[in-house]
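Enquirer: Here it is, the structure, as structure tokens.
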Amino acid sequence: QHTPDRAPGPSAPPRRVDVAVVGAGFGGLYALHKLRSQGFEVQGFEAGDGVGGTWYWNRYPGARCDFESVEYSYSFSEELQQEWSWSERYAAQPEILRYANHVADRFGLRPLIRFNTRIVSAVFDRADALWRLQTDAGDTLEARHCVMATGNLSTTKYPDIPGRDSFEGRYFHTGAWPHEGVDFSGQRVGVIGTGSSGVQAIPLIARQASHLHVFQRTPPYSLPAHNRPVPKEEEDAWKRRYPEIRAAAKKTISGIAAFHKPTQSALEVSEAERLAAYEKHWNDGRTSITRIYNDLLRNEAANATVSTFVQNKVREMVRDPEVAEALVPRHMLGTRRVCLDTDYYDTYNRDNVTLVDLQRTPIEAITPRGIRTAAGEVALDAIVFATGFDAMTGTLLAIDIRTSDGVTLRERWSAGPRTYLGLMTHGLPNLFLITGPGSPGVLTNMILSIEQHVDWVAQCLADMRQRGLAVIEPELAAQDGWVEHVNALADETLYPRANSWYLGANVPGKPRVFMPYVGGVEAYRKACDEVVAAGYRGFAFA
Ligand code: N01
């Protein structure tokens with residue numbers, strides 16, 4: 001069901017709306033709903049043929065959210081949160097995609113979205129104060145404002161390994177998985193990559209394949225999910241507590257009520273107390289182990305206590321000591337995203353699984369028959385690339401975003417992304433980013449952060465309408481101040497010390513800049529609200 005569109009052609013003037021929303025994942029869906037409910041005419045665009053964004057594309061085996069469903073869900077509608085039932089503590093991708101579809105239908109959002117349509121360029125005409133968005137079908141839409149809900153992990157990245165196209169078997173990227181699924185029964189499969197996606201997919205592929213080779217460059221830290229079905233009584237109890245849970249989540253760093261804000265240093269308690277706390281957390285099944293003490297992401301010695309705890313767990317779980325040692329992560333826990341798994345380490349105890357340690361034997365090439373490392377060729381029928389994304393900036397920079405007087409996003413961000421409050425970029429008026437660089441988004445419960453961003457944008461547009469203003473743009477000095485603040489906060493932590501996609505380190509040639517705001521959702525919301533209370537301090541209007 002697509003919005004009837006004016007036929008493209010020289011005689012038809014482009015359609016004009018108040019707001020264009022690019023992307024129909026959780027950010028785009030809520031933006032369409034919220035802005036329409038405030039009386040704005042909106043038009044959504046989505047490259048896929050359905051809603052759900054990340055949950056539409058990432059259909060690999062084992063894909064699930066590693067925040068509990070009770071928290072990773074919309075809070076904007078009491079009816080929605082009461083009527084929807086989650087079957088598992090950590091919902092799997094098909095259930096989250098059903099939820100996104102339910103939201104689209106329940107709030108009548110589908111007719112607002114043009115599916116199978118990618119925006120290729122967006123040009124702001126300063127004279128008319130309008131964005132002109134061009135689609136890959138060749139037609140144009142005019143919009144006063146543009147909301148980029150394009151996702152942070154939506155441009156898949158293949159590694160720069162020669163020979164991929166010479167491979168005679170099938171290959172897949174976890175972030176663009178075939179909708180019909182893949183049957184690996186009886187096949188020799190290779191998985192490259194052991195981030196969150198690889199860690200989730202590997203145990204399930206191992207159960208199907210005749211043999212699985214895992215090609216690991218950097219061992220991750222992964223904690224057990226202890227996933228389980230949610231009994232009805234538990235669901236009823238949390239639904240009664242929803243107002244309390246949502247309010248508590250806003251007062252945390254990660255936007256998850258269950259991740260309490262720590263008050264103590266890891267170094268001010270005894271070793272026995274610390275180990276008991278880590279053990280309890282391990283048995284509880286959450287990624288929030290770095291939130292037990294307030295210096296685990298700030299102090300190397302404190303971090304070593306938790307890193308060592310998990311390293312020892314890996315040694316206990318994997319029977320072959322040599323394989324175990326290769327799986328022991330060496331970076332500081334939490335400086336790259338911590339994974340949550342079901343049976344990940346136990347998978348390496350299976351007879352049909354081989355770990356290939358790329359630190360000892362790097363990949364040299366993909367060949368017609370398989371993968372060649374420094375130790376020789378591994379023959380494969382299929383290769384799975386769990387190799388991640390050009391995160392946070394890749395999707396935005398793939399769109400030619402510019403103004404009629406020559407400002408381009410690519411040039412403005414050539415040394416790394418620069419935003420004011422993570423919401424807008426100087427030089428590109430009326431262009432809003434949802435959970436982009438300079439905001440806490442990717443370090444937090446995305447749905448909570450999405451709601452906060454969209455609510456801010458909706459309030460801003462309503463205020464502008466009331467005051468008869470057509471154009472908003474951050475001032476350069478305000479943006480410089482925010483970027484400096486974001487960098488200073490990151491530099492107080494251990495985050496910039498590891499190579500991660502937060503820093504762009506996974507993409508050769510990408511500027512090395514720590515992109516997310518580490519101050520947490522509570523401090524961030526306060527900063528955004530204060531700017532509004534001070535008459536949109538740091539923004540210029542026309
Ligand atoms: O990608 P990644 P991902 N040769 O970039 C390896 C979210 N997410 O899709 O680290 C060999 O983390 C690379 O190795 P290295 C979550 O935010 C959430 O797994 O560069 N290996 C690494 O092991 C997550 O952080 C969920 O040395 C190569 C892997 O590929 C983000 O998405 C689930 C290589 C890439 O790991 C991205 O996760 C899944 C090469 N040339 C994802 N190039 C939830 O549960 C790359 N690698 C919510």
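Enquirer: For the ranges 158-166, 191-199, what's the packing order if you count other beta-carbon atoms within 10 Å of each residue, average per peptide, and put the highest first?
Expert: Values: 158-166: 12.3, 191-199: 24.9.
Taking the mean over residues of other Cβ atoms within 10 Å, the ranking is 191-199, 158-166.
Enquirer: Collect residues whose amide H, placed 1.01 Å from N in the peptide plane, falls under 5 Å from the amide H of GLY44; neighbours closer than 5 in sequence don't count.
Expert: Amide H neighbours of GLY44: VAL21, ILE113, ARG114.
Enquirer: Another question about this same structure. Run the Debye formula on the Cα coordinates of the range 276-424, all scatterers equal and no solvent, and tell me log10 I(q)/I(0) at q = 0.15, 0.19 1/Å.
Expert: So the normalised log intensities work out to -1.02, -1.17.
Enquirer: Through the Karplus equation 6.51 cos²θ - 1.76 cosθ + 1.60, θ set to phi - 60°, convert the phi angles of the range 463-469 into ³J(HN,Hα) values in whole Hz; use x for Gly and Pro.
Expert: Values, residue by residue: 5, 5, 4, 5, 8, x, 9 Hz.
Enquirer: Compute the Rg to Rh ratio over the range 228-273 from the alpha carbon atoms, using the Kirkwood formula for Rh, and round to two decimal places. Display every interim value, and only then the final one.
Expert: Working: Rg = 15.1 Å, Rh = 12.9 Å.
That ratio is 1.16, to two decimals.
Enquirer: Right, another one. To one decimal place, what orientation-averaged projected area in nm² is obtained for the convex hull of the Cα set of the chain? Working shown, then result.
Expert: Numbers: hull surface 102.1 nm².
Averaging across all directions leaves 25.5 nm² for the Cα convex hull.
Enquirer: Distance from the Cα centre of the range 388-428 to that of the range 231-252, in angstrom?
Expert: Spelled out, the Cα-based centre of one part sits 37 Å from the other.
Enquirer: Ok, one more. Karplus couplings for the range 171-186 from phi (6.51 cos²θ - 1.76 cosθ + 1.60, θ = phi - 60°), rounded to Hz, Gly and Pro as x?
Expert: In residue order, the calculated couplings are 9, 9, 10, 4, x, 8, 6, x, 5, 7, x, 10, 9, 9, 3, x Hz.
Enquirer: Moving to a separate point now. What are the residues whose amide H is under 5 Å from the amide H of ILE383, where those residues sit 5 or more places off or on another chain and H is modelled from the backbone?
Expert: ARG170, TYR171, PHE172, GLY190
Enquirer: Still on this structure, I have one more. How large is the Kirkwood hydrodynamic radius of the range 1-158, in angstrom, based on all distinct alpha carbon pairs?
Expert: Working: mean 1/r = 0.0602 Å⁻¹.
One decimal place: 16.6 Å for the Kirkwood radius.
Enquirer: Give me the 1.4 Å probe accessible area per residue for the range 487-530, excluding ligands and nucleic acids, in Å².
Expert: Per residue, the range 487-530 has 43 Å² of solvent-accessible surface.
Enquirer: Tell me what the chain gives for mean residue ellipticity at 222 nm when only DSSP H runs of n ≥ 4 count, each as -39,500 (n - 2.57), the sum divided by the residue total, rounded to 500 deg cm²/dmol. All intermediate terms of the calculation are to be shown ahead of the outcome.
Expert: On the way: 16 runs with 169 residues, N = 542.
It lands at -9500 deg cm²/dmol.
Enquirer: Here's another thing I want to ask about it. Taking only Cα atoms, what is the 0 to 90° angle, nearest 10, from helix 93-106's long axis to the longest principal axis of the chain?
Expert: Rounded to the nearest ten degrees, it is 20.
Enquirer: Carbon-plus-sulfur fraction of the accessible area of the range 53-186, 1.4 Å probe, in percent? Could you put the intermediate results ahead of the total?
Expert: Working: 2470 of 5240 Å².
The nonpolar share, carbon plus sulfur, comes to 47 percent.
Enquirer: Could you let me know the centre-to-centre spacing of the range 274-345 and the range 495-522, using Cα atoms, in angstrom?
Expert: Centre-to-centre distance over Cα atoms comes out at 21 Å.
Enquirer: Quantify, in whole percent, the carbon and sulfur part of the accessible surface of the range 445-485 (1.4 Å probe; protein heavy atoms only). If you can, show how the numbers build up before the last one.
Expert: Details: 830 of 1590 Å².
Ligands and nucleic acids excluded, carbon and sulfur give 52 percent.
Enquirer: Which links in LYS250/LYS280; LYS313/LYS526; LYS34/LYS251 stretch past 30 Å when you go from one Cα to the other? Write down the numbers at each step before the final one.
Expert: Working: LYS250/LYS280 25 Å; LYS313/LYS526 39 Å; LYS34/LYS251 23 Å.
Distance filter (> 30 Å) returns LYS313/LYS526.
Enquirer: How do 348-361, 445-458 rank on mean C-beta neighbours within 10 Å, highest first? Show your work: numbers first, answer last.
Expert: Working: 348-361: 15.9, 445-458: 23.0.
Packing proxy ranking, top to bottom: 445-458, 348-361.
Enquirer: Moving on. Can you list residues from other chains, or at least 5 along the same chain, whose modelled amide H is less than 5 Å from the amide H of ARG126?
Expert: So ARG126 has HN proximity to SER404, ASP405.
Enquirer: List, in order, the whole-Hz ³J(HN,Hα) value for each residue of the range 260-266 obtained from phi through the Karplus relation with A = 6.51, B = -1.76, C = 1.60 and θ = phi - 60°; use x for Gly and Pro.
Expert: Result, rounded to whole Hz: 5, 7, x, 10, 9, 7, 5.
Enquirer: Using a 10 Å cut-off on Cβ atoms, rank the peptides 299-311, 413-425 from the highest mean neighbour count down.
Expert: Working: 299-311: 17.9, 413-425: 21.0.
The packing order, highest mean first, is 413-425, 299-311.
Enquirer: How large a share of the accessible area of the range 291-399, in percent, is made up of carbon and sulfur atoms when the probe is 1.4 Å and the other protein chains stay in place? Walk me through the intermediate numbers first.
Expert: Values: 2010 of 4420 Å².
Reported share for carbon and sulfur atoms: 46 percent.
The values are calculated or read from the model by the stated rules, or taken from the named source; none is laboratory data. Given the structure is predicted, the values throughout are model-derived calculations rather than measurements. Glycine gets a Cβ as well: all are built from the backbone with ideal geometry, and neighbour counts include every protein chain shown. Calculation scope for accessible area: heavy atoms of the full protein, side chains included, ligands and nucleic acids excluded. Shrake-Rupley method; radii C 1.70, N 1.55, O 1.52, S 1.80 Å.
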